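Participant: I have a structure I would like to understand better, so I am pasting it below and will then ask my questions one at a time.
Just so it is clear, none of the values below were taken in a lab; they were calculated from the coordinates. Keep in mind the model is a prediction, meaning the values are calculated, not measured. Cβ coordinates were reconstructed from backbone atoms using ideal geometry, including for glycine residues, and neighbour counts include every protein chain displayed.
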Amino acid sequence: MVKICCIGAGYVGGPTMAVIALKCPEIQVAVVDIAAPRINAWNSEHLPIYEPGLDEVVKECRGRNLFFSVDVEKHVAESDIVFVSVNTPTKTQGLGAGKAADLTYWESAARMIADVSKSDKIVVEKSTVPVKTAEAIERILTHNRKGINFTILSNPEFLAEGTAIKDLFNPDRVLIGGRETPEGQKAIHALRDVYAHWVPVERILCTNLWSAELSKLAANAFLAQRISSVNAISALCEATGADVTQVSHAIGTDSRVGPKFLNASVGFGGSCFQKDILNLVYICECNGLPEVANYWKQVIKVNDYQKTRFVNRVVSSMFNTVSGKKIAILGFAFKKDTGDTRETPAIDVCKGLLGDKAKLSIFDPQVTEDQIIRDLSMKKFDWDHPAHLQPLSPTNNKQVTVVWDAYEAIKDAHGICILTEWDEFKKLDYKKVYDSMQKPAFVFDGRNVVDANKLREIGFIVYSVGKPLDSWLKDMPAVA
Ligand code: NAI
């Protein structure tokens, strides 16, 4: 029986391995992590991450051929294929701080694999890593190998949170990079055989190691670039009276462009886009390509601009001050159908409003109070490190309340900011909402989910990203 072990039971390791276990009943899959609470949660009724369809997959395989364990060394030692899916944060200190990937967790995983292995292994990079990481990992493994052969593959993951199970069941492509040596090719075939249990072979792309590593960074940079492109156009729409939804529809119907990832919003978030672009920027700089680095840096700058612009709209519309005013924040996760708040634009928007002394009442159907308070107290880039390494600065807790009901968040508020596109925010009884608020009542729709005209008929002053502005807002421009 082939044995697979995955180091790192996070958003990628958990769902990916659960699907491999489901689709390959004859393979034994162990997911291991140093974080005991996370493993306990994987073994409980309440999985540590919210992902539609995940519960069913885990329930079917757990205890059969899928196991979650803190016994990292035992499972690594026993396995034939070791996936490494640990976090790869942005460095916060030293050379490349604020840009380069911090490979501390990856390196310690590689050293541990070398230490405990007693048989040959295929080691698979599942984490997103800088180009040429495989070379560094190979060196660690071969210098400590004690006669054991390690073959390294790059198999970056393209799942999107919120649709992870759907994406894993039916991926656009699976990418496997390996050395062009006989051992490298043999390892590629072994991993291809695993995916071939359910993925058509023509969708399994085999490349060299560096192409696979770079493709993942480039794919995320292209996706984020589309969002920043449409967001840049949204600012121009507001200035000219064009409607970004109409413009993006017109752009997206061109088959060379396509319709996806063209929704204007308060900005992109999530654990990957910013981190991976910064990483790409750093690699370009290290390779003497400052023009290329600056090109990609601009994608992040536009994203930051969009968040600042949103906060400025809120403040300027409300008579240039939100001091002491209650603002309801609807949605904190970086997108719907996930509880993940890593790099969510809500953090910067909330911090911006708190900076102007607003009182925030926050509701998200999937994010806990504890998580929100942590996020608002944490410094940039610290979120991707273990809890004990996250220095927290005190938030003014009196300015923030977290509630479990949208109507409660909204009661007596002067304004509402919609920051995540949860479906339930479309279906609120906005007449009831209006009646419970201070007047004038504002809605700032950072995800373009509400019907602005209907809300205006009720009496709201509405801001939608990239849409023709209410005359109220025209008179109070947001100077970013
Ligand atoms: P995560 O933070 O949810 O999970 C990583 C896990 O690794 C943590 O539970 C941590 O305790 C564990 N870990 C760290 N060092 C360890 C060690 N030495 N031994 C055992 N466990 C260890 O991260 P996530 O989101 O799963 O991402 C993992 C990688 O996949 C990152 O490189 C990320 O960029 C990439 N990725 C993430 C996607 C996403 O949507 N979240 C999508 C595609 C790639």
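Participant: If R₀ is 45 angstrom, what is the calculated FRET efficiency for the pair Glu60 and Trp210, using the beta carbon separation as r and rounding to 0.05?
Facilitator: Computed FRET efficiency for Glu60 and Trp210 comes out at 0.75.
Participant: Go ahead and run the numbers for FRET between Glu369 and Ile458, Cβ-Cβ distance against an R0 of 35 Å, rounding to 0.05.
Facilitator: 0.70
Participant: Okay, moving on. Placing unit charges on C-beta atoms (Lys and Arg positive, Asp and Glu negative, everything else neutral), compute the dipole magnitude of the chain about its Cα centre in debye, rounded to 20.
Facilitator: Dipole size: approximately 720 debye.
Participant: By DSSP, what percent of the beta bridges with both residues in the chain are antiparallel, rounded to the nearest 5?
Facilitator: 10 percent
Participant: Could you state the number of Å between the C-alpha centres of the stretch 414-463 and the stretch 13-31?
Facilitator: If you average the Cα positions of each part, the centres end up 43 Å apart.
Participant: Give me the net charge of Phe68's neighbourhood, meaning all other residues with Cβ under 12 Å from the Cβ of Phe68; Lys, Arg count +1, Asp, Glu -1.
Facilitator: With Lys, Arg at +1 and Asp, Glu at -1, the neighbours total 0.
Participant: Ordered by residue, what ³J(HN,Hα) values in Hz, to whole numbers, does the stretch 116-133 give under the Karplus form 6.51 cos²θ - 1.76 cosθ + 1.60, where θ = phi - 60° and Gly and Pro are x?
Facilitator: 9, 6, 10, 9, 4, 9, 9, 10, 10, 6, 9, 4, 7, 9, x, 4, 6, 4
Participant: At q = 0.10, 0.12, 0.13, 0.14 Å⁻¹, what log₁₀ I(q)/I(0) does the stretch 238-462 have when each alpha carbon counts as one equal point scatterer in the Debye sum?
Facilitator: Cα-only, vacuum Debye calculation for the stretch 238-462: -0.49, -0.70, -0.82, -0.94.
Participant: Tell me the label-point distance for the pair His189, Thr92, using the 7 Å Cα-to-Cβ offset, in nm and rounded to one decimal.
Facilitator: My value for the distance between the label points is 4.7 nm.
Participant: Simple spin-label model, 7 Å along Cα-to-Cβ: Glu202 to Ser323 in nm?
Facilitator: Label at Glu202, label at Ser323, 6.6 nm between them.
Participant: Given the -39500 (n - 2.57) contribution per DSSP H run of 4+ residues, what per-residue ellipticity at 222 nm results for the chain, rounded to the nearest 500 deg cm²/dmol?
Facilitator: Value at 222 nm, helices only, nearest 500: -13000 deg cm²/dmol.
Participant: Can you list residues from other chains, or at least 5 along the same chain, whose modelled amide H is less than 5 Å from the amide H of Leu360?
Facilitator: Ile327, Val400, Thr401
Participant: What longest region of the chain stays clear of GluC sites (Glu not before Pro) that DSSP places outside H, G, I, E and B and that have at most 11 other Cβ atoms within 10 Å?
Facilitator: It works out to 181-480.
Participant: Pulled fully out, how much extra length does the chain show between Asn43 and Asn144, if you take 0.36 nm times their separation in residues and subtract their Cα-Cα distance?
Facilitator: Extra length available between Asn43 and Asn144 comes to 33.0 nm.
Participant: Set the Förster distance to 25 Å, then compute FRET efficiency between Lys260 and Lys426 from the Cβ-Cβ distance, nearest 0.05.
Facilitator: Taking R0 as 25 Å, the efficiency between Lys260 and Lys426 is 0.80.
Participant: With labels modelled as points extended 7 Å from the Cα through the Cβ direction, what inter-label distance (nm, one decimal) is found for Thr240 paired with Glu135?
Facilitator: My value for the distance between the label points is 4.6 nm.
Participant: Here is a follow-up. Provide the descending list of Cα extents for the stretch 1-198 along its principal axes, expressed in whole angstroms.
Facilitator: Principal axes ranked by extent give 42, 40, 33 Å for the Cα atoms.
Participant: Give a residue-ordered list of calculated ³J(HN,Hα) values for the stretch 458-470 (Karplus: 6.51 cos²θ - 1.76 cosθ + 1.60, θ = phi - 60°; whole Hz; x for Gly, Pro).
Facilitator: 5, x, 5, 9, 10, 10, 10, 4, x, 10, x, 8, 4
Participant: Follow-up. Quick one: length gained pulling Lys351 to Val116 fully straight, 0.36 nm per residue minus the C-alpha distance?
Facilitator: Using 0.36 nm per residue and subtracting the Cα-Cα distance, I get 80.1 nm.
Participant: Only counting other Cβ atoms within 10 Å, I'd like Thr133, Thr253, Thr344 sorted with the fewest neighbours first.
Facilitator: Thr253, Thr133, Thr344
Participant: Taking the Cα centre of the stretch 238-462 as origin, sum charge times position over the Cβ atoms of Lys and Arg (+1) and Asp and Glu (-1), and report the length of that vector in debye to the nearest 20.
Facilitator: It works out to roughly 540 debye.
Participant: What full-extension length gain, to one decimal in nm, is calculated for Asp405 and Lys439 as 0.36 nm per residue of separation minus the Cα-Cα distance?
Facilitator: Net length gain for the segment: 10.1 nm.
Participant: Work out from phi, with θ = phi - 60° and the Karplus expression 6.51 cos²θ - 1.76 cosθ + 1.60, the ³J(HN,Hα) of each residue of the stretch 6-19, listed in order in whole Hz, and give x for Gly and Pro.
Facilitator: 10, 8, x, 9, x, 4, 9, x, x, x, 4, 6, 4, 6
Participant: Now for a separate question. So, counting K/R as plus one and D/E as minus one, what does the shell of residues with Cβ under 15 Å around Lys411 add up to?
Facilitator: Charge balance in the 15 Å sphere: +1.
Participant: Taking other Cβ within 10 Å of each residue's Cβ, how do Leu66, Leu354 sort, fewest first?
Facilitator: Taking fewest neighbouring Cβ atoms as first place, the list is Leu354, Leu66.
Participant: For the chain, state the average projected area of the convex hull of the C-alpha atoms over all orientations, rounded to one decimal in nm².
Facilitator: Spelled out: convex hull of the Cα atoms, projected over all directions, averaged, 23.1 nm².
Participant: Further, regarding this structure: Which cross-chain or sequence-distant (5 or more) residues have an amide H under 5 Å from the amide H of Val124, H modelled 1.01 Å from N in plane?
Facilitator: Residues meeting the amide H criterion: Val82, Phe83, Val84, Leu153.
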